[in-house]
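Since the structure comes first, as structure tokens, the remarks are kept for the end.
The values are calculated or read from the model by the stated rules, or taken from the named source; none is laboratory data. Fair warning: this is a prediction, and the values are worked out from it, not measured in the lab. So basically every Cβ, Gly included, is an ideal-geometry build from the backbone, and we count neighbours across all protein chains shown.
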């Protein structure tokens, strides 16, 4: 599944949005990597949109990435808060649902807002706030039906502590919340702990 996004290609500061397609060799490599790692990959040519910082792809709307959050989108209704705008793929997926009535997006990067924000602000359901996810203070008494945290560039066990902070912050303010790749980060930490376990103490 691909979520169509209509963010125009452009650049702002260290950030860039572009349109790309995968070659036959790219797809073959993705299949080999997915088989070796028992994971997923992108097996379609595209075209796809990418959000890039300093020549590194931070987010795209490839099927593999869309699958990472669609289960959250399927569950979300009513008022939804997103920590992290990125390319706006999650925003677009939520806008495709009539039972999502309000989307509040907290985004730290002014350049990302300049590149991607105008596309989504055309819909009156979207409010975009230029703020750090950890410093933003929701209005007193405000509740959310669902909250999604996606402010990390990559899957890393170091993200777990940040996730805990955000989950504590919104624990009493929402009916449901999740962080991108939280379970995979926990799994990687458990694996690291197993590898480092030394019952003999040397």
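Some observations on this one:
- Taking the conditions (1) at pLDDT below 95; (2) within 17 Å of the chain's Cα centre (by Cα); (3) part of a loop (DSSP other than H, G, I, E, B) in turn, residue 57 satisfies each one other than (3).
- Some residue of region 18-28 being in a strand (DSSP E or B) and either modelled with pLDDT under 90 or farther than 14 Å from residue 115 by Cβ (or both): yes
- Subset of region 114-125 (residues that are surrounded by 20 or more Cβ atoms within 10 Å (Cβ to Cβ) and touching a helix residue (DSSP H, G or I) at 6+ places or on another chain (Cβ under 7 Å)): 120
- Screening residue 46 on (1) assigned to a loop (DSSP other than H, G, I, E, B); (2) at pLDDT below 95; (3) within 13 Å of the chain's Cα centre (by Cα) shows it passes everything except condition (3).
- Residue satisfying condition, being at pLDDT below 95 and assigned by TED's automatic domain parsing to the domain that holds residue 93, within set 141, 117: 141
- Count of residues meeting criterion [free of Cβ contacts under 8 Å to residues at least 40 places away in the same chain and farther than 20 Å from residue 113 by Cβ] in region 45-86: 9
- Residue that is farthest from residue 97 (Cα to Cα), among those in region 111-158 that are touching a residue at least 40 places away in the same chain (Cβ under 8 Å) and assigned to a helix (DSSP H, G or I): 111
- Test: residue 106 is in contact with a strand residue (DSSP E or B) (Cβ under 6 Å, 6 or more places away or on another chain), in a strand (DSSP E or B), surrounded by 15 or more Cβ atoms within 10 Å (Cβ to Cβ) and at pLDDT below 95: no
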